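> The following block contains the structure, expressed as structure tokens.
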Amino acid sequence: MSEQRRLHFPLRCVVSGLLSFAILTPAWAEMDRPVRGPGHPLADIATSSPCADWVLHLPNVRMPLCKAAELRPTVGRSVQGRTLYHRDVIAPDAQIRVLVVGAMHGDELSSASLALHWIQRAIETPANAHWRFLPALNPDGLLRRPARRMNANGVDLNRNFPTPNWARDATVYWEQRTRKDPRRWPGPSPLSEPESRFLHDEMTRFQPHLIVSIHAPYGVLDFDGPGTPPPKLGRLYLDQVGIFPGSLGNYGGVHQGMPVVTIELPSAFRTPLEAEIRQMWLDMLRWMSERIQPDPPEAPVLQVKARKQG
């Protein structure tokens, strides 16, 4: 190498490095910070689509699958300001409403993946349902490295719903049964978290005939609420594990009368194979057609004409 090249080589490296740092630093520096307010360029990027982030974190999810889901922003936001997304798939003859919730626990990555795969199944075979998918209720926990169960406030969202006697039972359960396990802290009060409040309000708005809550990694099927539970979905068999203070199954299924099917996938980091995902979907549709009843038709309004008085 000539003397002239030796003198200029370090300078080129320094300039190149500074330019790269200037380009890359803003995105890197904001990665773990709350999303900024309306009008901030990072806020616009964060709310336009979650796919760029989700593809990097979720197993068995590629960009075409995520984009095909055509997720839409909701009014919901996480603790750190991330948008909560949904997708409605409505059959032409929809008679029942089904709410599907994934990634309530942020470290159960496969649950969000399954929700995205099921969106495609619903598009192909919607049956007689109006489907509403919320693939990732806890994006703050999901997008952390490493991902974690709780939201950004350290609250287990699946213990934060307003079951009766929550103030007494949730605290006692957490202190005595879990020995104050921080992964299962129910929070300071019911619905203290923006994510659980959003889902609570969505249940009120949507009035689902069925809620499907996807979790991992216990490899079983759970059920809370009125009606007959599904005996199996694919290779997952019914094993009702009981109810917990503040859980969605307890609140929605037992106290609101909205049947809650809880899917516990075998792995938090791997989805089932495609054939198994399909079989679970078909088993769900079959059970719904047999057991989930639509709203009764409204009684016709009888118009009684007044008799003319003679």
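> Here are Pro186, Pro194, Pro164, Pro208: which of them is under 28 Å from Val98 (Cα atoms), touching a Phe, Trp or Tyr at 6+ places or on another chain (Cβ under 8 Å) and modelled with pLDDT of 95 or more? Steps first, please.
On the way: Pro194 fails: touching a Phe, Trp or Tyr at 6+ places or on another chain (Cβ under 8 Å); Pro164 fails: touching a Phe, Trp or Tyr at 6+ places or on another chain (Cβ under 8 Å); Pro208 fails: touching a Phe, Trp or Tyr at 6+ places or on another chain (Cβ under 8 Å).
Testing whether each residue is under 28 Å from Val98 (Cα atoms), touching a Phe, Trp or Tyr at 6+ places or on another chain (Cβ under 8 Å) and modelled with pLDDT of 95 or more leaves just Pro186.
> For segment 109-138, enumerate the residues that are open to solvent by 10 Å² or more (accessible area, probe 1.4 Å) and either within 15 Å of Ala268 (Cα to Cα) or part of a strand (DSSP E or B) (or both).
Leu109, His130, Arg132
To keep it simple, each residue is scored yes or no on (1) closer than 18 Å to Ser78 by Cβ; (2) surrounded by 12 or more Cβ atoms within 10 Å (Cβ to Cβ); (3) acidic (Asp, Glu); (4) touching a residue at least 24 places away in the same chain (Cβ under 8 Å).
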residue	(1), (2), (3), (4)
Asn158	yes, yes, no, yes
Phe161	yes, yes, no, yes
Ala170	no, yes, no, yes
Glu175	no, no, yes, no
Gly187	yes, yes, no, yes
Arg197	yes, yes, no, no
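> For segment 227-242, give me the residue count where each residue is β-branched (Val, Ile, Thr) and free of Cβ contacts under 8 Å to residues at least 40 places away in the same chain.
1
> Considering every residue within segment 273-286, establish whether at least one is touching a Gly at 6+ places or on another chain (Cβ under 7 Å), open to solvent by 20 Å² or more (accessible area, probe 1.4 Å) and either assigned to a loop (DSSP other than H, G, I, E, B) or farther than 19 Å from Ile119 by Cα (or both).
no
> So which residues in segment 56-84 are assigned to a loop (DSSP other than H, G, I, E, B) and either touching a Lys or Arg at 6+ places or on another chain (Cβ under 7 Å) or more than 22 Å from Phe269 (Cα to Cα) (or both)?
In the first step, residues of segment 56-84 are kept if they are assigned to a loop (DSSP other than H, G, I, E, B); the result is 58-62, 69-71, 78-82.
Within segment 56-84, Pro59, Ala69, Glu70, Leu71, Ser78, Val79, Gln80, Gly81, Arg82 qualify.
> Kindly provide the set of residues from segment 123-159 that are more than 16 Å from the chain's Cα centre (by Cα) and either of a type in the set (Asp, Glu) or farther than 25 Å from Gly187 by Cβ (or both), ordered by number.
Hits for segment 123-159 are Ile123, Glu124, Thr125, Pro126, Ala127, Asn128, Ala129, His130.
> Could we say that Pro294 is part of a loop (DSSP other than H, G, I, E, B), open to solvent by less than 90 Å² (accessible area, probe 1.4 Å) and modelled with pLDDT of 95 or more here?
Working: part of a loop (DSSP other than H, G, I, E, B): yes; open to solvent by less than 90 Å² (accessible area, probe 1.4 Å): yes; modelled with pLDDT of 95 or more: no.
No, not satisfied.
> Also, I was wondering about something else. Would you point out the residue of segment 169-212, among those that are of a type in the set (Phe, Trp, Tyr) and within 18 Å of the chain's Cα centre (by Cα), that is nearest to Ile243 (Cα to Cα)? Lay out the reasoning, then the answer.
Going through segment 169-212, the residues of a type in the set (Phe, Trp, Tyr) turn out to be 173-174, 185, 198, 206.
Still in the list and also within 18 Å of the chain's Cα centre (by Cα): 198, 206.
Values: Phe198: 22, Phe206: 24 Å.
Per the criteria, the residue is Phe198.
> Given the criteria under 18 Å from Gln207 (Cβ atoms), surrounded by fewer than 18 Cβ atoms within 10 Å (Cβ to Cβ) and not polar (S, T, N, Q), does Asp88 qualify? Quick ask: steps written out before the conclusion?
Values: under 18 Å from Gln207 (Cβ atoms): yes; surrounded by fewer than 18 Cβ atoms within 10 Å (Cβ to Cβ): yes; not polar (S, T, N, Q): yes.
Against the criterion (under 18 Å from Gln207 (Cβ atoms), surrounded by fewer than 18 Cβ atoms within 10 Å (Cβ to Cβ) and not polar (S, T, N, Q)), Asp88 qualifies.
> Within segment 139-155, which residues are open to solvent by less than 20 Å² (accessible area, probe 1.4 Å) and in contact (Cβ under 8 Å) with a residue 60 or more places away in the chain?
Across segment 139-155, the qualifying residues are Pro139, Asp140, Leu142, Asn151.
> Among what's in segment 252-272 and is small (Gly, Ala, Ser) and either part of a loop (DSSP other than H, G, I, E, B) or in contact with a helix residue (DSSP H, G or I) (Cβ under 7 Å, 6 or more places away or on another chain) (or both), pick the residue that is surrounded by the fewest Cβ atoms within 10 Å (Cβ to Cβ).
Among them, the one singled out is Gly257.
> A further question follows. Quickly run through segment 209-226 and pick out the residues that are open to solvent by 10 Å² or more (accessible area, probe 1.4 Å) and either in a strand (DSSP E or B) or in contact (Cβ under 8 Å) with a residue 40 or more places away in the chain (or both). Break it down stepwise before answering.
So in segment 209-226, the residues open to solvent by 10 Å² or more (accessible area, probe 1.4 Å) come out as 209, 217-220, 222, 224-226.
Those that are open to solvent by 10 Å² or more (accessible area, probe 1.4 Å) and either in a strand (DSSP E or B) or in contact (Cβ under 8 Å) with a residue 40 or more places away in the chain (or both): His209, Pro217, Tyr218, Gly219, Val220, Asp222, Asp224.
> Report yes if Ala306 is modelled with pLDDT under 95 and more than 23 Å from His105 (Cα to Cα), otherwise no.
yes
The values are calculated or read from the model by the stated rules, or taken from the named source; none is laboratory data. Just so we're clear, the structure is a prediction, and the values are computed from it rather than from any experiment. FYI the Cβ positions are ideal-geometry reconstructions off the backbone, even for glycines, and counts take in every protein chain you see. SASA here: full protein model, heavy atoms, side chains in, ligands and nucleic acids out. Shrake-Rupley method; radii C 1.70, N 1.55, O 1.52, S 1.80 Å.
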